[in-house]
Amino acid sequence: MIFTLAIVQAVGYDTELFETPPCDSNACFDELHGALGDCSCNVDTIDYFNNVKIFPRIQSLVSKDYFRFYKVNLKKDCPFWADDSRCAMKYCHIKTCSKESVPGYPNGYENEEEQEAPAVKYLKEAQSACSNDEDHDPDLGYLNMTISAASQYEIAKWNAYDSALENFCECDDRDAEAEYVDLSLNPERYTGYKGPSAHRIWRSIYQENCFRPKLNPYESFPYVLSSDLSNMCLEKRVFYRAVSGLHSSINIHLCSHYLLSEKGVGFAAPPDGEWGPNLAEFQRRFDPSQTHGEGPNWLKNLYFVYLLEMRALAKAGPYLENEEYFTGNPTEDEETRDAISNMLSVIYTFPDHFNESSMFNGGSQAAKLKNEFREHFLNISRIMDCVGCDKCKLWGKLQTQGLGTALKILFSSQWDNLEGDPEQGKLPVRHKENKRLQRTEIVALFNAFARLSNSIRQLENFRIMLRSNQHERQHFVMCSAVRS
């Protein structure tokens, strides 16, 4: 009974864990080293590469205007159950922006989202003046180019369907109710959102949308135990580990930016309370004694999804290096392009990238599994509309879309053989036809990777805090022994 309670509580969006004291040790990190599994990389290599080379670059990059503003619809109804719990705490609310306050609007934002309707191509104004050609024979060159309104509508539906087949998550940027949010004014942190409604989010993700072993004695539990992962094929393991890694990353963010006190002390106290790392909360979420030994594996999954998203950035690098990153400020835009190029050049040097080519090989069966993979993740992106806290929903949707964009890059056919792509050129993104990524997808991709990078960096801070606590306890024991 105790074990069941611990497991069910451990997967809440903002977890209320089984209330027993965490062990006073470095147990969270004792097993967090060595090989990750399902790839040739190891934890120590990623730790050094991220903390020394990537973290300072990506944090500086996402502070640029292009990446600060994210367009999202936070008013969508939950498509799966009645939205019965809305967070009323002030920390759950977000501040949206007017379109006019977004740098570069509308030239860099709205125009890129406009796609030429099929009917426009056949208007009289869009046709070239063939009659001016001396060699033109109207009778021989006649071509009936009329298309009925019904046919035009069907063609538009075909295009939408074809595009949807490449997407791994829903995009809000064209919704009428979508608004711009300045991410720097709405940092991800603990908001107090918890309880049955919050727990239902992750239970639904794990139980209904993650692949599970057929012979799993823990079917009633929300997640797959690491000992059961061997019963799953590579593709299903990758899916589960990516979702688990995303969940771990979110939990680390909440532990590292926890509300320590609603009212600070002194005249210089921040008006919105004192925020900082909560070591006890981190241990409750990841200590093996609190998670039936799974905490270190969940942390390894963080490194795994980091590796996956970094590979997507490397694969899409030639495309991303040719974007304009337009905000209307030439100096800022040039700095952003230089920062992108610099970070990608570092990512290219990583020695053990995730190898996506080993997945989905095997004919029609593999194609069917790939479609299930996409549909499962698409469902997870829809579940994020069921989160009852606006700030949690904002960051949940952004990080889900970022991971979905990475999966699209890794597993969509349009991203194969990107090198030498004749469509790439130094043209403003808003003028490119057949864009591979929308602006919102690029913003989500980089910000999601920045969140993973930040989580790995925060783990080092928690390591230091645990060591410090151990030294203090040892000193206390020694002093007590001397006094006695």
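Data overview
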read-out: R0 of 25 Å, Cβ-Cβ distance residue 60-residue 468: FRET efficiency to nearest 0.05; value: 0.30
read-out: Spin-label pair residue 177/residue 345, simplified geometry with 7 Å Cα→Cβ offset, distance in nm; value: 4.6
read-out: Extension gain, residue 184 back to residue 77 (0.36 nm per residue minus Cα-Cα distance, nm); value: 35.9 nm
read-out: Dipole magnitude (debye, nearest 20) for region 26-68, charges at Cβ of Lys, Arg, Asp, Glu; value: 440
read-out: Amide H within-cut-off set for residue 260, under 5 Å, with H built and near neighbours excluded; value: 274, 275, 276
read-out: Rounded percent of accessible protein surface that carbon and sulfur make up, region 312-405, 1.4 Å probe; value: 46
read-out: Tensor-based shape of region 299-404 (alpha-carbon gyration tensor, a/c under 1.5 rounded, otherwise prolate or oblate); value: oblate
read-out: Long-range HN-HN contacts of residue 289 with modeled amide H, under 5 Å; value: 23
read-out: FRET E, pair residue 260, residue 95, Förster distance 22 Å, beta-carbon r, rounded to 0.05; value: 0.45
read-out: Per residue value of the accessible surface for region 274-365 (all protein chains in place, 1.4 Å probe), Å²; value: 34
read-out: FRET efficiency, residue 233 to residue 166 (Cβ-Cβ, R0 22 Å, nearest 0.05); value: 0.45
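The values are calculated or read from the model by the stated rules, or taken from the named source; none is laboratory data. Here the structure is a predicted model, which means the values were calculated and not measured. Quick reminder, even Gly has a Cβ in these numbers, built from the backbone with ideal geometry, and neighbours come from all protein chains shown. Just so you know, the surface numbers come from the protein's heavy atoms only, side chains and all, with ligands and any DNA or RNA stripped out. Shrake-Rupley method; radii C 1.70, N 1.55, O 1.52, S 1.80 Å.
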